[in-house]
Amino acid sequence: MSSSGRWLKSFKQYVEYSLFIFFMLIVKKLTPDQCEKVASRLGDVVYDVLKIRRTVVEKNLEGTFPEKEHKEIAGLARKVYRRQALNIIEMLRLPLIEGKDDAMKILEIDGKEFLEKTRYAGKGAVVVSAHFGNWELLGICTGMLVAPMNIVVKHQGNPF
């Protein structure tokens, strides 16, 4: 890659990072109810206007629910976009979770007793999660409420 190509890529990454920080500062000021409303509207804009991956999402839902009419599939797809927008907003608000009290307001852990038993027995546990919900939020809150944990993640491409 040429030096001008590297500069352009670096500039683009810096702009992405700056927008990320800007939006994080905004959503940190919102109440949880306001976050839900913003996520709903944002999800609708992405679904209706930007249409990012909409065909793929609807096709996957049709394959999962072949008995449903297109109108129902479209409604489910809209909910997927709204939920994903909320996941992003929740991720931007992670710095607001400062301790166990904050974590307990967000997450109820069904397997807490099991995890505590393995910890106090001096044994580890491998927790496997489906691709469902907000993983970042789950990891932070579980780490605060039960025990610190290691999470396997993919390295992000933006160095900022």
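For region 60-135, report the accessible area per residue in Å² (1.4 Å probe, heavy atoms, rounded to an integer). Walk me through the numbers before you get to the answer.
Values: 5830 Å² over 76 residues.
Computed with neighbouring chains in place, this is 77 Å² per residue.
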What distance in nm separates the simple spin-label points at Thr118 and Lys9, each placed 7 Å from Cα in the Cβ direction?
3.9
What net charge is computed for the residues neighbouring Arg54, neighbours being all others with C-beta under 11 Å from the C-beta of Arg54, Lys and Arg scored +1, Asp and Glu -1?
+2
Among Trp135, Trp7, what's the order by accessible area (1.4 angstrom probe), most exposed first?
Trp7, Trp135
Sequence-distant lysines (8 or more away, or on other chains) whose Cα lies within less than 28 Å of Lys71
Lys37, Lys51, Lys59, Lys79
Geometric extent, Cα atoms of region 54-159 - Rg, Dmax (angstrom)
17.6, 52
State the percentage of accessible surface on region 1-152 attributable to carbon and sulfur atoms; use a 1.4 Å probe and exclude ligands, DNA and RNA.
60
With the 1.4 Å probe rolled over protein heavy atoms, region 1-53 has an accessible area per residue in Å² of 80
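The values are calculated or read from the model by the stated rules, or taken from the named source; none is laboratory data. Quick caveat, the model's predicted, so the values are computed rather than measured. Methodologically, a virtual Cβ is constructed for each residue, glycine included, from the backbone with ideal geometry; neighbour enumeration extends over all protein chains shown. Just so you know, the surface numbers come from the protein's heavy atoms only, side chains and all, with ligands and any DNA or RNA stripped out. Shrake-Rupley method; radii C 1.70, N 1.55, O 1.52, S 1.80 Å.
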